[in-house]
Amino acid sequence: MIHTLEADGIQLDFGIRHILTDVYLKCETGKITGLLGRNGQGKTCLMNIILGTLNSSINSIRFDGNITRKINKRPDLLLYLPQFNFIPKELTVKTVLEDFGLSADDLNRRFPEFESRHELKVKQLSGGQWRTLELYVVVKTPSLFAMLDEPFTHLNPIQIENIKQFLLEEKANKGFLITDHMYTHLLDISDNVYLLKDGRTHVANSVDDLEELGYIRLGY
């Protein structure tokens, strides 16, 4: 069964400043939905509105057509990878996996760099390894959907390619909404892409669409 997550009619104002004016996007299980936009356009705000941790003047968040509120209290529906590190730095990799009920063998298979690091504390990992571990936890913990905010931050090129392959494999198990400034990587793995510009979402599934909307300049 295909499940849907929709954000419809989202409006957000900070004083006289209009951040989001009439946003719509739709995600489906089995697919990766990309969300692009320049700094200050409200991508993280939109994710927090969907999550239920930020109130907006008008919004409708629907799962399978049913309005759902305070989704942050429904991890079975939606999990969130924030921009900042959320796993406590004093925990060991082994403890993190045990706390989330996840397989050490599967982590090793997906990301062999962790094979000799299970006894290390998170603070002893590189920035890229810390981010990879957090992303792995969010992706592998059962839920219908996962939102990933800047997942490629702190990753080196090899780690980015490994994460992209991981997400392409795991989309069979849930739907993803992903935002990142590295638009080429997002276009590579996304089934559909929205560009957030001037408070609205625009469909942008190619570099030509992004250029037409003024997000990039190809420089032919």
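Every read-out reported here was derived from the displayed coordinates using simple, explicitly stated rules and does not represent laboratory data. It should be emphasised that the depicted structure is a prediction, and the values quoted were computed from it without experimental measurement. We place every Cβ from the backbone using ideal geometry, glycine too, and count neighbours over all the protein chains shown.
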Exercise. Would you work out which of Thr92, Asn55, Ile71 lies farthest towards the positive end of the dipole of the range 39-163, given +1 charges on the beta-carbon of Lys and Arg and -1 on that of Asp and Glu, about the Cα centre?
Key: Asn55
Quiz item: Which chymotrypsin sites (Phe, Trp or Tyr not before Pro) in the range 56-124 pass both tests, a DSSP loop state and at most 12 other beta-carbon atoms within 10 Å?
Solution: Phe84, Phe86
Quiz item: Is there a pair in Lys73/Lys174; Lys73/Lys197; Lys70/Lys94; Lys26/Lys197 whose C-alpha atoms are over 26 Å apart, and which pairs would that be?
Solution: Lys73/Lys197; Lys70/Lys94
Self-check item: Contour minus Cα-Cα distance for Lys89 and Gln165 (0.36 nm per residue)
Solution: 24.7 nm
Practice problem: Quote the FRET efficiency, to the nearest 0.05, computed for Ser60 versus Asp208 with a Förster distance R0 of 41 Å and r equal to the Cβ-Cβ distance. | Solution: 0.85
Quiz item: Per the Debye formula with a single identical scatterer at each Cα and no solvent contribution, what log10 I(q)/I(0) holds for the range 1-55 at q = 0.13, 0.30 Å⁻¹?
Solution: -0.35, -1.38
Quiz item: Dipole size in debye (nearest 20) for the range 1-133 around its Cα centre, Lys and Arg Cβ +1, Asp and Glu Cβ -1?
Solution: 340 debye
Self-check item: Pairs of alpha carbons in the range 25-89 whose separation is greater than 21 Å (percent)
Solution: 28 percent
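For the range 169-219, take the convex hull of the Cα atoms, compute a quarter of its surface area, and give me that in nm², please. Don't jump to the answer; show the numbers that get you there.
On the way: hull surface 15.9 nm².
Averaging across all directions leaves 4.0 nm² for the Cα convex hull.
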Quiz item: How big is the gap, in Å, between the Cα center of the range 33-108 and the Cα center of the range 1-31?
Solution: 15 Å
Exercise. Please report, in whole Å, how far the alpha carbons of the range 46-144 spread along each principal axis, starting with the longest.
Key: 49, 23, 18
Quiz item: Of Ile16, Met147, Gly128, which is farthest along the charge dipole of the chain in the positive direction, counting Lys and Arg as +1 and Asp and Glu as -1 at C-beta?
Solution: Ile16
Exercise. Please tell me the relative contact order of the range 84-128 in percent, rounded to the nearest whole number, where contacts are Cα pairs under 8 Å and at least six residues apart.
Key: 54 percent
Self-check item: Normalised per residue, the volume of the convex hull around the Cα set of the chain (Å³)
Solution: 128 Å³
Exercise. Describe numerically, in nm with one decimal, the distance between label points set 7 Å from Cα along Cα→Cβ at Phe14 and at Leu120.
Key: 3.6 nm
Quiz prompt | Cut-off 17 Å, label 7 Å out along Cα→Cβ of Lys31, residues of the range 42-74 by amide N | solution = 62-66
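What number, in percent, do you get for the relative contact order of the chain if the mean sequence gap of Cα pairs under 8 Å and at least 6 apart is divided by its residue count? Could the numbers behind the result be given before it?
Details: 399 pairs, mean separation 64.0, N = 220.
29 percent.
If exposed means no more than 16 neighbouring beta carbons inside 10 Å and the site is in a DSSP loop, what's the longest run of the chain without any exposed GluC sites (Glu not before Pro)? Don't jump to the answer; show the numbers that get you there.
On the way: sites that count: Glu90, Glu115, Glu119.
Here the longest segment lacking exposed loop sites spans 120-220.
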Quiz prompt | Label-reachable residues, the range 136-158, where backbone N falls under 13 Å from a point 7 Å from Leu102's Cα toward its Cβ | solution = 136-143
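Share of Cα-Cα pairs in the range 95-220 beyond 20 Å, in percent? List each step's numbers first, then the result.
Numbers: 3877 of 7875 pairs.
I get 49 percent for the Cα pairs in the range 95-220 exceeding 20 Å.
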